[in-house]
1. In the chain, with Lys and Arg counted as +1 and Asp and Glu as -1 at Cβ, which of these residues, 9, 170, 46, has the Cα nearest the positive end of the dipole, that is, farthest along it?
2. If R0 is 30 Å, what FRET efficiency do you get for residue 49 and residue 182 from their C-beta distance, rounded to 0.05?
3. Given the C-alpha centroids of the stretch 166-189 and the stretch 40-65, what is the distance between them in whole angstrom?
4. Magnitude of the Cβ-charge dipole of the chain, K/R +1 and D/E -1, about the Cα centre, nearest 20 debye?
5. Over the residues of the chain, compute the C-alpha Rg and express it relative to 2.2 N^0.38 Å.
6. Can you give the accessible area of residue 134 in Å² (nearest 10), computed on protein heavy atoms with a 1.4 Å probe?
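The values are calculated or read from the model by the stated rules, or taken from the named source; none is laboratory data. For clarity, every value in this text was computed on a predicted model and none was experimentally measured. Neighbour counts are summed over all protein chains in view; Cβ atoms, including those assigned to glycine, are modelled from backbone coordinates with ideal geometry. Surface accessibility is based on the protein's heavy atoms, side chains included, excluding ligands, DNA and RNA. Shrake-Rupley method; radii C 1.70, N 1.55, O 1.52, S 1.80 Å.
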Amino acid sequence: MTTSQDEPAVRSAYDEVADTYADHFRSTEPELPVELAVVGHFASLLPGERRVLDAGCGAGRMMPVLAGHGCRVEGVDLSPEMVRRSHLDHAEYPAQVASIADLPFPDGCFDGVFSWYSTIHAPDAELPSALREMRRVLRPGGFLLVAFQCGEGVRDVSESYRRRGHDIVLHRWNRTSDDMVHALATAGLEVVARLERAAAGHEREAQAVVIARA
């Protein structure tokens, strides 16, 4: 499948489905214990004050998880409607509208960047710039966590939303763990941990998490 997808299209899609998404995934319902353990491991690695950017925070459901591990967390998301839900559901954590490819922060201001399935809608040609931007806001010795569906090719993920009454078009880019490790290295990050697991019963594809150090 050959396709492209720009940020305005992704923003429009998530603005449309924000309430449906936020109401369906209130907390960590999709995650398995092993993934939550990796989040805890990521937090344990962080230097300094554990200031963490949830880059692509959506409706904010993972920010309380990070805070529970002692992180001082704030979020950005491309979708204004997702950020509205984050303010509504998780008002104690700052969140603002921004692209992960153009973050409104100075260089080296975070101990960690948490990218929980936020790169999956970026075409392959745009992934390197997003990773470089997340690397830019990391302090030396800080860590980036990236979670994603593991595999190859492009998937049309619109149908699950259409069944809930949303007429959108949304594509997802699957990547192998090796591909992500190579992309992170190219962005100036050293991989220190990686998890790849088979699809669970509620999933169609394998899942992966990679942690890398600046």
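1. 46
2. Given R0 = 30 Å and the Cβ-Cβ separation, E is 0.45.
3. The two parts, judged by their Cα centres, are 20 Å apart.
4. 420
5. That ratio works out to 0.94.
6. Surface accessible to solvent at residue 134 totals approximately 0 Å².
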